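In what follows, a single structure is set out as structure tokens and then discussed.
The values are calculated or read from the model by the stated rules, or taken from the named source; none is laboratory data. Being a predicted model, the structure only gives us computed values, none of them experimental. We place every Cβ from the backbone using ideal geometry, glycine too, and count neighbours over all the protein chains shown. Side chains are part of the model used for accessible areas, which takes the heavy atoms of the whole protein and leaves out ligands, DNA and RNA. Shrake-Rupley method; radii C 1.70, N 1.55, O 1.52, S 1.80 Å.
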Amino acid sequence: LHPWRAPLRPGVPSEPSPRAPAGMLPMVAGLLLAVAAGGRGSAAGDQDSPPGSRFVCTSLPLDAAGAGCPLPPVPMQGGALPPEEELKATVLQLRETVLQQKETIGSQREAIRELTGKLSRCESADGKSAPGTWKKELGKGKDTMGDLPRDPAQVIDQLSRTMQTLKDRLESLEHQLRANVSYAALPNDLREMLQRRLGDLERQLLSKVAELEDEKSLLHNETSAHRQKTETALNALLERVSELEKGNSAFKSPDEFKVSLPLRTNYLYGKIKKTLPELYAFTVCLWLRSSASPGIGTPFSYAVPGQANEIVLIEWGNNPIELLINDKVAQLPLFISDGKWHHICITWTTRDGMWEAFQDGEKLGTGENLAPWHPIKPGGVLILGQEQDTVGGRFDATQAFVGEMSQFNIWDRVLKAEDIMNIANCSTNMPGNIIPWVDNNVDVFGGATKWPVETCEERLLDL
């Protein structure tokens, strides 16, 4: 062992003490007992020192110790240092060990602060950031926990890699601690705190992964619904364009025709090629002229499997004109059996079963509780001039329409009163978005015929 060297004078630091051998650590407890036993003797010896005196120690080279200034003999006990010297060396070693542990604890605190910062950024992105901000951060494309990739799958992979990296770092810290300090020297509360923090972080990351999975699923569902809606609209538009392109119509315009049903039979009728989708509201408008009596018959009927009277407009015998929806009946205040052209519009919505009846642009009646909350079923058959007892058939001649009709259009919404007025007074041409009046969309059977129709202005003069 090297001798311990005191400072040369107050305020001047001494040279650093060399590290004590590792074998001295187990001797700490024994040395403490020895010093405690010998301390009383040294205290008695200190009484002989003159008051106010001090010693000044000067460092000398090792080779000069024997020549110029012989060192006083040090009492030895069995070849070992005195208890005071050994205690001093042990204290220095313990002090150096404490410093090393402080450095280790400082690095561990730095790691904890870094983990806490990562967790705080996750929490701030989850709870405090607005959806738009979160999407902006997703869009930045940085490979960090605060600025996540745009793709949710990449976000999940990034979080998994980050969690694994944090685990590896903690394992590396523990390995370094085992290599530098005995495992007993590592405070248990620090190890437990690190494990607890890592567990909390892992739970937070798993929660964030679950939330991102839910957002991904929701986004996929919304995207699918939007895509389906867009495809439906595009398909309807393509069908309309195809009909217009195909239309080798004999008329000047594909919609300038009328269907004539001159006899009351059970075999004259027209058929709409297109069918209806599921509807929660509709508007049906048409021009018609009839002088038949009693009653004009059935201008149109829509039947679906299991319900032949899904939508029917009928005037049978001496009864008023009736609107049937799902076999429920509402009487309409319309009067059109005078042999003149009339413009008829009927609106209905499933909400409370509200209905309206318009004749020549004027609303003549309204009501409610007509098949409320019943959506119109899709995939049925739409017939002009006959009432269906089965889907597409079993017509009754007494319920057949006699006369002419044109501009039969259906919308999937309730039209405004001003729109209906503009259609009736010929100031606007507004084809139905569900069923438009197009030559190629109407077939006639049993002797029913198609003819060029009078202009809208000529029909107005007939009123």
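Take the residues in the range 252-305 that are under 18 Å from Val453 (Cβ atoms) and small (Gly, Ala, Ser); name whichever of them is most open to solvent (accessible area, probe 1.4 Å).
Selected residue: Ser291.
Can you tell me which of Lys416, Lys450 is touching a helix residue (DSSP H, G or I) at 6+ places or on another chain (Cβ under 9 Å) and of a type in the set (D, E, K, R)?
Result: Lys450 is the single residue among Lys416, Lys450 that is touching a helix residue (DSSP H, G or I) at 6+ places or on another chain (Cβ under 9 Å) and of a type in the set (D, E, K, R).
Specify the residue that is farthest from Ser290 (Cα to Cα); the eligible residues are those in the range 314-329 that are open to solvent by 10 Å² or more (accessible area, probe 1.4 Å), assigned to a strand (DSSP E or B) and not acidic (Asp, Glu).
Let us first name the residues in the range 314-329 that are open to solvent by 10 Å² or more (accessible area, probe 1.4 Å), namely 314-320, 322, 324, 326-329.
Applying the additional criterion that residues be assigned to a strand (DSSP E or B) yields 314-315, 322, 324, 328-329.
Among the residues that remain, those that are also not acidic (Asp, Glu) are: 314, 324, 328-329.
Values: Ile314: 13, Leu324: 20, Lys328: 25, Val329: 23 Å.
Restricting to residues being open to solvent by 10 Å² or more (accessible area, probe 1.4 Å), assigned to a strand (DSSP E or B) and not acidic (Asp, Glu), the top hit is Lys328.
Taking the conditions exactly as written (open to solvent by 20 Å² or more (accessible area, probe 1.4 Å), over 16 Å from Pro372 (Cβ atoms) and not polar (S, T, N, Q)), does Phe335 satisfy them or not?
Yes; evaluated as a whole, the condition is true for this residue.
What residue, of Trp451, Trp355, is among the hydrophobic types (A, V, I, L, M, F, W, C) and open to solvent by less than 40 Å² (accessible area, probe 1.4 Å)?
Just one listed residue meets the conditions, Trp355.
Kindly provide the set of residues from the range 292-344 that are under 16 Å from Asp389 (Cα atoms) and touching a helix residue (DSSP H, G or I) at 6+ places or on another chain (Cβ under 7 Å), ordered by number.
Answer for the range 292-344, where residues must be under 16 Å from Asp389 (Cα atoms) and touching a helix residue (DSSP H, G or I) at 6+ places or on another chain (Cβ under 7 Å): Gly297, Thr298, Ile314, Trp316.
Output the number of residues of the range 375-401 satisfying the condition of being open to solvent by 30 Å² or more (accessible area, probe 1.4 Å) and part of a loop (DSSP other than H, G, I, E, B).
So the count comes out to 10.
Say we look at the range 409-445 and pick out the residues that are within 15 Å of Val284 (Cβ to Cβ), assigned to a loop (DSSP other than H, G, I, E, B) and of a type in the set (A, V, I, L, M, F, W, C); which of these is most open to solvent (accessible area, probe 1.4 Å)?
So the residue we want is Val414.
Considering only the range 391-402, I want to know if a residue exists there that is assigned by the TED database to the domain that holds Leu276, among the small types (Gly, Ala, Ser), modelled with pLDDT under 95 and closer than 19 Å to Gly361 by Cα.
No - not one qualifying residue is present in the range 391-402.
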